[in-house]
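Asks: My questions all concern the structure below.
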Amino acid sequence: MNMLLDLYWTFVKIGCVTFGGGYAMLPILERELVDKRHWTTMDDLRDYFSIGQCTPGIIALNVSTFIGEKRRGIPGALAATVGFLTGPIVIILIIAAFLTNFATLPLVQHAFAGIRVCVCVLIVQAVLRLWKKSVVDACALGIYLVVFVLNAFSGVLPVRIPAAVLVILAGAVGIFISLRRAARAGKAGDQA
C-alpha cells in the first residue's frame, strides 16, 4: 500500500509541473524516477517515451502508467496514472475559473512568455540527452536523418506521415539492422 501511495504522490508532483509536453518532461522524469528513486533506468525511460509516442494520449502520462505497472502491476499503473492526472486537473480548473478575468493582464502574459521560454529549454535539453544516448553509430544517424527529413518536410511532401508511423518504421528498421548484424556476427563466428 505504501508503494501505491508513493507512486500516486510522486506522479502528483510530476503532473503539477507538466509544461510543454512529454519531451519537456524528460529531464524532470529522469531526475525523479532514474536518479532519485531508481524506479527505472534511462534506457527503459527512453523506451517508455518511444512507446508512449506511438500510443494514444500524452507521452508523460503514458510513461507514468508504464512506470506504475512496472512497480506494482495494474494497481500501480492506476495509482501513477491517477496521480499524474490529479495535479493538472486541479490546476486547469483553477486557471479556467480565473483565466478570462486575468488573461489580458500584462503580468499574466509575461508569465506565459517566460513559461514558453522555459519549455523550449527543457525540450532542447531532452533532445540533447536523447541524442547522446540514441545516435550511437552511422545506422542510428541514418535513421535519425531520414525520420527528421520526413517529419520536418511533411508539409511539402505529397503524403503526410504521422509521427507514430515514423516511430514504428524506425523501430522496424532498427530490428532489421540488429538481426542483420547478429547474422553477420554468427557467420563470422562460424568461420573462425
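Asks: For PHE153 and ALA188, compute 0.36 nm times the residue count separating them, minus their Cα-Cα distance, and round to one decimal in nm. Each step should come with its number before you reach the end.
Replies: On the way: separation 35, 0.36 × 35 = 12.60 nm, distance 4.06 nm.
Between PHE153 and ALA188, full extension yields an extra 8.5 nm.
Asks: Whole-Hz ³J(HN,Hα) for each residue in the stretch 124-129, computed from phi via Karplus 6.51 cos²θ - 1.76 cosθ + 1.60 with θ = phi - 60°, x for glycine and proline: what do you get?
Replies: For the stretch 124-129, the Karplus-derived couplings read 4, 4, 5, 4, 4, 5 Hz, x marking Gly and Pro.
Asks: Something else about it: Just to be sure I understand the model, the point goes 7 Å from the Cα along the line to the Cβ. What's the resulting ALA164 to ILE92 distance in nm?
Replies: Here the answer is 1.9 nm between the modelled labels.
Asks: Contour minus end-to-end for GLU69 and CYS120, with contour as 0.36 nm per residue of separation and end-to-end as the Cα-Cα distance?
Replies: Details: separation 51, 0.36 × 51 = 18.36 nm, distance 3.01 nm.
The span from GLU69 to CYS120 would gain 15.3 nm if fully extended.
Asks: Further question on the same structure: Report the calculated FRET efficiency for VAL17 and MET42 (r = Cβ-Cβ distance, R0 = 25 Å), to the nearest 0.05. Can you show the working numbers first?
Replies: Values: r = 20 Å, r/R0 = 0.79.
After rounding, the FRET efficiency stands at 0.80.
Asks: Could I ask something else about it? Helix 138-152 versus the longest principal axis of the chain: what is the Cα-based angle in degrees, 0 to 90, to the nearest 10?
Replies: 50
Asks: Stokes-Einstein D for the stretch 135-192 at 10 °C, 1.306 mPa s, Kirkwood Rh over Cα pairs, in µm²/s?
Replies: Working: Rh = 13.0 Å.
So the translational diffusion coefficient is about 122 µm²/s.
Just so you know, all these numbers are worked out from the coordinates, no wet-lab data involved. Quick caveat, the model's predicted, so the values are computed rather than measured. Cβ coordinates were reconstructed from backbone atoms using ideal geometry, including for glycine residues, and neighbour counts include every protein chain displayed.
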